[in-house]
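*Asks:* Supplied in structure tokens, the structure appears directly below.
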Amino acid sequence: MSSTAATQSDGYYIPPSYIESGDYKKKSVSQHAGSKGTNQSQLYGVVRFELPIKSVCTHCNYVIGKGTRFNAKKDNVGSYFSTKIYSFTFKCYECKGKLVMQTNPKDADYDFISGIRRKVQAFDTKEAGSLGYFDTNNLSQLKDKTADPMGRLERDERQKKLQVTANSRVSGLMSLSSRDYLEDYATNSALRRSYRSDRKVRQKRKIEGEKAGMAVPMVDERVDDIAAAKRTKFTGSERKCRADEKNRMKAVRSGGIFGGPRRGDQGKASSRTRVSKASASTTTSANKKTKKGKTKRIQEVNRYVPSMASKVSTKKKETETSKHCKNNLDPLASLADYGSSDSEG
């Protein structure tokens, strides 16, 4: 044996002596050795079986609906060619009776073996107003049922009315289909256009509501709403209303939950009192300083005013003297007269 043939798929080298001794044919010890399975299907052959047909229990006449599930024992009871036939054994929910069903690969159906039967709903053809079941290959049954001429005439009239109704319905469906599906582009465009306009209106109303301070979008104005708004009259100005609301909220915040002052409000009040006293003392001192400054300025003005008056009177005398000199020819005599008048005064 070559080395290539001795190398297996796992890549380990197996010597020829191991192959020739036959040790590889012995069963290896495994943790699953002797195990019968890990679930109820492998251990006991129990599967979850769903009833395929509405049936009736023959023990208690309990109607079992289609799709009801059972824990059934599954057994292989034969085969149809290469397809196996399985038997399902389970119990009724009401009487705990034994129910057995089998698969039927030949007819692609199920066979009811024991304890269960198929539920068949029969009805009277005369009460239903139909002709019942008949063989389409043998039309003599239909001829026998419609042998009466008046019966054939009534049947033909009914068939005509049904045909007219069916034709009108088919034509309506065809027109509806041609309207909705032949012009799919135009229909889609119209639908999208209407949705786009509605979306813009909704966005506009939402923005208007947000501007008005509301959490919901606005709605269209109505005549009765406008009239009611015009009839509404508010008492007081808007500023006064805001001030009252502010005062009320301030009282609510400053008050306690039981009506009295909050804890710590007395300390705040005392601190506010100290601050107000300090501000009052500061204002008083400032007023005193202002009053003192005004008094000083008034005194300075009083001292300044007499000096200004004396200056004005001196200037006035000089002006009169110059005028007198111009009017008289002898200026020295005029000066002497002026001096004498001054000395007398």
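The values are calculated or read from the model by the stated rules, or taken from the named source; none is laboratory data. The structure presented is a predicted model; accordingly, all values stated were derived computationally and were not measured. Neighbour counts run over all protein chains shown; Cβ positions are idealised from the backbone, glycine included.
*Asks:* Could you please find all residues in region 138-160 being among the aliphatic types (A, V, I, L, M), surrounded by fewer than 10 Cβ atoms within 10 Å (Cβ to Cβ) and modelled with pLDDT under 60? Spell out how you get there, then give the answer.
*Replies:* Residues of region 138-160 that are among the aliphatic types (A, V, I, L, M), as a first pass: 139, 142, 147, 150, 153.
Still in the list and also surrounded by fewer than 10 Cβ atoms within 10 Å (Cβ to Cβ): 147, 150.
None - no residue of region 138-160 is among the aliphatic types (A, V, I, L, M), surrounded by fewer than 10 Cβ atoms within 10 Å (Cβ to Cβ) and modelled with pLDDT under 60, so the list stays empty.
*Asks:* Could you pull out every one of the helices (runs of 4 or more DSSP H) wholly within region 3-116 that has 1 or more residues that are at pLDDT 95 or above and surrounded by 11 or more Cβ atoms within 10 Å (Cβ to Cβ)? Steps first, answer last, please.
*Replies:* Numbers: elements: 3-6, 16-21, 40-44.
Fully inside region 3-116 and qualifying: nothing.
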